[in-house]
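Visitor: For reference, the structure I am asking about is given below.
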Amino acid sequence: MTTPVLYIFAISHYCEKARWALDYLNIEYRLQHISPITHVKFVRGLGVADTSLPVLTAGSLTLQGSSRIIDWAEAQSRPGKSSQGKRSLEVDTIADVSSARTIEQRLDDVAGVHVRRYFYADALLNQPQKVRPIFCENLTWREQIMLRLAWGRICKYMIRGLDLGVEQGRESRLIIETELDWLDGLLADGRAFLLGEHFSRADIAAASLLSPLVLPPQHPTYHNLQLPPGVAADVAGWQERRSIRWVGDIYRNYRIFPN
């Protein structure tokens, strides 16, 4: 089979979720950064349901969405598969499997969505030029020029498409705090992982989707990410939360890159 290709936006925490799983399981793949100028036509050309990233192609197989990509990666890493991955993201019991899916779904549908809206509601409305460099990461020079020329139009498209505004940012901030309270509660007993005794996909989901609030140095692209002032002030106030400290620990100990 040809080497799988993972198509991502450098800034996307959902893309980081899929990328982290592939890296951790030591699955060979090729990374392809996509420009927000060209991604709509390109992704539609792959025949998937919508235009969101990440998307992974592996031979005739095309998978869209971080959770489906992790499902595939877990299957590839099981004994008897060619990748012969030595690590696992599986949890210990059938009950934990169900709990892991429930936790991951909540993180995808709530925390991930509102971290994104909260960040962009500040960044794109107040400091759009400071967001642009990370979108340019690993693009060709031609794509970078096109992105710069179209940046104003891209910002307007994202503001409309992500329902951004001052009130929306405030709403998302409150929802994020509720989700941090929930995670603080899960971690209150001092556990190292969200479920069981081993690092799992639930931990990847939580850490990756909250990573814009932590900017861990182990993150592969956030060295280029500048927090807008409002977000930076809130993040500074959240640093002592159990969940935020846990995200930093998980990145430090488990953000493993391919051999």
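The values are calculated or read from the model by the stated rules, or taken from the named source; none is laboratory data. Note that the structure is a prediction, hence the values are computed from the model and not measured. Because the Cβ atoms are built from the backbone with ideal geometry, glycine has one as well, and the counts that use them run over all protein chains shown.
Visitor: Within the stretch 52-60, can one find any residue that is modelled with pLDDT of 95 or more, under 14 Å from the mean Cα position of the chain (by Cα) and in a helix (DSSP H, G or I)?
Guide: no
Visitor: Still on this structure, I have one more. Would you confirm, using the coordinates I've provided, whether D234 is assigned to a helix (DSSP H, G or I), surrounded by fewer than 19 Cβ atoms within 10 Å (Cβ to Cβ) and touching a residue at least 12 places away in the same chain (Cβ under 8 Å)?
Guide: Details: assigned to a helix (DSSP H, G or I): yes; surrounded by fewer than 19 Cβ atoms within 10 Å (Cβ to Cβ): yes; touching a residue at least 12 places away in the same chain (Cβ under 8 Å): yes.
Answer is yes for this residue.
Visitor: Return only the number of the condition from (1) assigned to a loop (DSSP other than H, G, I, E, B); (2) touching a residue at least 40 places away in the same chain (Cβ under 8 Å); (3) within 30 Å of R30 (Cβ to Cβ) that P216 does not satisfy.
Guide: The failed condition is (2).
Visitor: I'd like to know if the stretch 162-180 contains one or more residues that are surrounded by 12 or more Cβ atoms within 10 Å (Cβ to Cβ), under 24 Å from R87 (Cβ atoms) and either at pLDDT below 95 or of a type in the set (A, V, I, L, M) (or both).
Guide: no
Visitor: Based on what the data block shows, is E197 assigned to a loop (DSSP other than H, G, I, E, B) and surrounded by fewer than 16 Cβ atoms within 10 Å (Cβ to Cβ)?
Guide: yes
Visitor: May I pose another question? Looking at the stretch 164-182, I want the residues that are closer than 9 Å to H114 by Cβ and have a partner that is among the hydrophobic types (A, V, I, L, M, F, W, C) and surrounded by fewer than 13 Cβ atoms within 10 Å (Cβ to Cβ) with Cβ atoms under 6 Å, at least 6 apart or on another chain. Which pairs are those?
Guide: Hits for this filter: zero, empty list.
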